[in-house]
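S.K.: Handing you a structure now.
Readers should treat all values here as calculations from the given coordinates under stated rules, not as data from a laboratory. The shown structure was predicted, so the numbers you read here are calculated from the model rather than taken from an experiment. As a convention, Cβ positions derive from the backbone with ideal geometry for all residues, glycine included, and neighbour counts pool all protein chains shown.
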Amino acid sequence: MDLTAIKLKIRSVISISQLAMGAFLLLSGIALYIAPSGRGSSEALIWFMTKADWEYWHTVIGFIMAGSGLIHVDLNFRTLKVLTRRLLG
């Protein structure tokens, strides 16, 4: 397998994982928005997880998505550069 094919597979895996993580962040953001606030609210069950669980996974997936976003930009830098030139020029 040549380097171009490997890079294309990595790009597709990163892009699909970004989509999945974005969907999870949207879902967890909605769960945290509708969660009750105040004392003892961390134990409230929202869609089979506690508010504390939603907060934890929202933070973890957010950091993973930020890291994979940097990889995504690195892998697609040439394309982003061309698109930016077309948009601004």
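S.K.: For every other residue with a beta carbon closer than 13 angstrom to the beta carbon of SER17, add +1 if it is Lys or Arg and -1 if Asp or Glu, then tell me the sum.
M.R.: +2
S.K.: Looking at GLY67, SER37, THR79, which one has the Cα that reaches farthest to the positive end of the dipole of the range 3-88 (charges on Cβ: Lys, Arg +1; Asp, Glu -1)?
M.R.: THR79
S.K.: Right, next: Note the angle between two axes, namely the Cα long axis of helix 51-75 and the longest principal axis of the Cα atoms of the chain, as a number of degrees from 0 to 90, rounded to the nearest 10.
M.R.: Approximately 10 degrees, to the nearest 10.
S.K.: Which value at 222 nm does the chain reach when only helices count, each DSSP H run of 4 or more adding -39,500 (n - 2.57), with the total divided by all residues and rounded to the nearest 500 deg cm²/dmol?
M.R.: Roughly -27000 deg cm²/dmol at 222 nm, from the helical runs in the chain.
S.K.: Which of ILE6, LEU27, LEU88 sits closest to the plus end of the dipole of the range 3-89, meaning its Cα is farthest towards the positive end, when Lys and Arg get +1 and Asp and Glu get -1 on the C-beta?
M.R.: So the residue we want is LEU88.
S.K.: Still on this structure, please answer the following. In the neighborhood of LEU75, defined by Cβ-to-Cβ distances under 10 Å, what is the net charge if each Lys or Arg adds +1 and each Asp or Glu adds -1?
M.R.: +2
S.K.: For the Cα atoms of the chain, what angle does the longest principal axis make with the long axis of helix 3-34, in degrees from 0 to 90, nearest 10?
M.R.: Around 20 degrees separate the two axes.
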